[in-house]
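Written out below as structure tokens is the structure these notes cover.
The values are calculated or read from the model by the stated rules, or taken from the named source; none is laboratory data. Nothing here was measured: the structure is a model prediction, and the numbers come from that model. Positions of Cβ are generated from backbone atoms using ideal geometry, with glycine treated the same way; all protein chains shown enter the neighbour counts. These area figures cover heavy atoms from the full protein model, side chains too; ligands, DNA and RNA do not enter into them. Shrake-Rupley method; radii C 1.70, N 1.55, O 1.52, S 1.80 Å.
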Amino acid sequence: MKTCPKCGCEVDDEDQFCKFCGAPLTDLQSKQEIRQMEHVKIILMLILFLCIVLGCYYLWRRGH
């Protein structure tokens, strides 16, 4: 469930408008999708960073 940004009441995920105050909820859904994509980007960047660090360590160990 999500909450209305105007009145704070809980609304169903598929609702387009708040049942209590009538505020539109489409902006809230877009913000949630953007937030989820930001989390995915952060996780992918951490995985890439870890791969680079492990690759450098492997190359360093192979050289010694």
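As a test of the formula, what do you get for the chain when each DSSP H run with n ≥ 4 contributes -39,500 (n - 2.57) and the sum is divided by the residue count, at 222 nm and rounded to the nearest 500 deg cm²/dmol? Present the calculation step by step, with values, prior to reporting the outcome.
Working: 1 runs with 38 residues, N = 64.
Dividing the helical sum by the residues of the chain leaves -22000 deg cm²/dmol.
Would you mind telling me the share, in percent, of accessible area of the chain contributed by carbon and sulfur at probe 1.4 angstrom? Kindly include the intermediate steps, with their values, before the conclusion.
Working: 3600 of 5610 Å².
Summing carbon and sulfur atoms, their accessible area is 64 percent of the total for the chain.
Which of the cysteines found in the chain have nothing to pair with, since no other Cys Cβ lies under 4.7 Å from theirs?
Cysteines of the chain left without a disulfide-compatible partner: CYS9, CYS51, CYS56.
On C-alpha positions alone, give me the angle between the axis of helix 26-63 and the longest principal axis of the chain, in degrees, nearest 10.
10
With the cut-off at 1.5 for a/c, could you classify the stretch 13-64 from its C-alpha gyration tensor as rounded, prolate or oblate?
It comes out prolate by the Cα gyration axes.
Set Lys and Arg Cβ to +1 and Asp and Glu Cβ to -1, take the dipole of the stretch 1-56 about its Cα centre, and tell me which of THR3, LEU50, PHE17 lies farthest positive.
Of THR3, LEU50, PHE17, it is LEU50.
Which whole-number percent is the relative contact order of the chain (Cα, under 8 Å, 6+ apart)? Don't skip to the end; give the middle numbers.
On the way: 37 pairs, mean separation 11.1, N = 64.
Averaging sequence separation for qualifying contacts and normalising by length gives 17 percent for the chain.
Among LEU25, LEU54, LEU44, whose mean-square fluctuation peaks in a Gaussian network model of the chain (Cα, cutoff 10 Å)?
Highest fluctuation among the options: LEU54.
Taking only protein heavy atoms and a 1.4 Å probe, what accessible area per residue, in Å², does the chain have with all protein chains in place?
Accessible surface, normalised per residue, equals 88 Å².
Taking θ = phi - 60°, what integer Hz values does the Karplus form 6.51 cos²θ - 1.76 cosθ + 1.60 yield along the stretch 9-17, in sequence order, with x for Gly and Pro?
With coefficients 6.51, -1.76 and 1.60, one gets 6, 6, 10, 5, 4, 8, 5, 9, 9 Hz.
Just tell me which lysines come within less than 17 Å, Cα to Cα, of LYS19; anything on the same chain fewer than 8 places away is out.
LYS2, LYS6
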